[in-house]
Each structure stands twice: as C-alpha cells, then as structure tokens.
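> Just passing along the structure, written as structure tokens.
The values are calculated or read from the model by the stated rules, or taken from the named source; none is laboratory data. Just so you know, these numbers come straight off a predicted model, no measurement behind them. Ideal geometry is used to build each Cβ from the backbone, glycine not excepted, and the neighbour counts take in all protein chains shown. Ligands, DNA and RNA are stripped out before the accessible areas are found, and what is left, the full protein with its side chains, is counted by its heavy atoms. Shrake-Rupley method; radii C 1.70, N 1.55, O 1.52, S 1.80 Å.
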Amino acid sequence: MLYIAFLRGMNVPGRSVKMEYLRGLFTEMGFDSVRSYIQSGNVFFESDETDRAVLGARVRERLTEELGYEVAVCLRTVPELEALIALDPFKNVTVTDDLRCCVVFTTERIDPELALPMLSPKKDMEIIGTSGYDAFVVWYLINGRAPAAKGFQERVLGHDATTRFFHTVVKILAAAKKGAA
C-alpha cells in the first residue's frame, strides 16, 4: 500500500530537517519506495501494514525519538486524496490575494456534528467543511499575515494535525502517483 505521510513541524522556524535524512529514517523503519515532496514534510512510502493507527504510531514514535519533538503523522492513501480533491471543497470560494484555501489533515476523526461554517473569533480563519479526518479551511490574511494554527484551529480540530494549501495537495497527489509503480 502506498501511503502519503503529512508530517507536522518540518522545516518551520527552529526546526530544520533535511528531506534526505527524513527519507533515511523511513527507509530504516523498513518501508519501501520512500520518496519525499518539497521541504514541508510530505513523505511517500509503501508498507504492508494496513492498521493505520499502528503504522502512524510507529512513525510518530521514531520521528519523536530521532528529532527530539512530537511530530503529528497524518497518513493518507492515493485514493483518499483523489476523493478529497474530487469534492472540490473550495468551488464556492472566490480566491483573492488575501485568502488561502487549506486542507487540515488530522489524526483523529472530526466531529461530524460540527456546526459549519465556523469563523474564528479573530475572523482570520473559517472552517467551511469536513470529510472524515480532513477539514477545509479558508485563511484570511490580516496585514499580509497568515493565521496561526494554534488557538482556534487546534481547539476545534485537534493539535495532532497539519495544514497544506489545497493547490499543494493537488501537486502532492500528482507526485505520489507519478512515482507509484
């Protein structure tokens, strides 16, 4: 099974991780066909493990041990990303220079009863939809600055999550499929 690991906290201020080193850790864990995409912690790998909780815990424990800090590990498959993109969750959003369309990948199921859309108290973030373990969030830049995930987003969606721009998710899927056998 080809997995895509979306890792939180890679190459953010104060945490520099070379992708070559990260790929090496995944290879040492016994995974096959290990590749990465851009510097933000997106790793493709193959594993026979079908229990996602077991697999995610294994990767998280090893990365925490090696890097010295907790890393959220959000695992997805190619069919799951294809289904997410097919939802076209931002089709009704008018994109401007002060707005970003984001996908928040979580490790825990999002409450299906969450009242949406939900605007943050600072009005800098709006959750417009969810799908199982993923949330579709619009960031409103204020004075050119993106909102922080800490606070509203973590309270509502959980701290074991990581965010990618929607257009980047599309590129990640294409890269995963390109290298797949």
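> Residues to consider are 33, 40; find the one that is at positive phi, of a type outside the set (A, V, I, L, M, F, W, C) and open to solvent by 20 Å² or more (accessible area, probe 1.4 Å).
On the way: 40 fails: at positive phi.
Sole residue among the options that is at positive phi, of a type outside the set (A, V, I, L, M, F, W, C) and open to solvent by 20 Å² or more (accessible area, probe 1.4 Å): 33.
> Could you run through region 162-181 and say how many residues are surrounded by 14 or more Cβ atoms within 10 Å (Cβ to Cβ) and basic (Lys, Arg)?
Result for region 162-181: 2.
> Looking at residue 147, is it assigned to a loop (DSSP other than H, G, I, E, B) and in contact (Cβ under 8 Å) with a residue 24 or more places away in the chain? Before the answer, list the steps.
On the way: assigned to a loop (DSSP other than H, G, I, E, B): yes; in contact (Cβ under 8 Å) with a residue 24 or more places away in the chain: yes.
Considered against the rule, which asks whether it is assigned to a loop (DSSP other than H, G, I, E, B) and in contact (Cβ under 8 Å) with a residue 24 or more places away in the chain, residue 147 comes out as yes.
> Also, quick follow-up: Considering region 150-161 alone, what residues qualify as being in a helix (DSSP H, G or I) and open to solvent by 60 Å² or more (accessible area, probe 1.4 Å)?
Initially, region 150-161 is screened for residues in a helix (DSSP H, G or I), giving 152-157.
Matches in region 150-161: 155 only.
> Sort out which residues of region 77-99 are of a type outside the set (A, V, I, L, M) and surrounded by fewer than 21 Cβ atoms within 10 Å (Cβ to Cβ), and write them in order of number.
Of region 77-99, the ones of a type outside the set (A, V, I, L, M) are 77, 79-80, 82, 88-92, 94, 96-98.
Passing the criteria: 77, 79, 80, 82, 88, 90, 91, 92, 94, 96, 97, 98.
> For region 1-11, give me each residue that is closer than 13 Å to residue 67 by Cα and surrounded by fewer than 18 Cβ atoms within 10 Å (Cβ to Cβ).
Here is the first cut: in region 1-11, the residues closer than 13 Å to residue 67 by Cα are 7-11.
9, 11, listed by residue number.
> For region 36-87, what are the residues that are of a type in the set (Phe, Trp, Tyr) and either in contact with a Gly (Cβ under 9 Å, 6 or more places away or on another chain) or at pLDDT below 95 (or both)?
Listed by number, the residues that qualify are 37, 44, 69.
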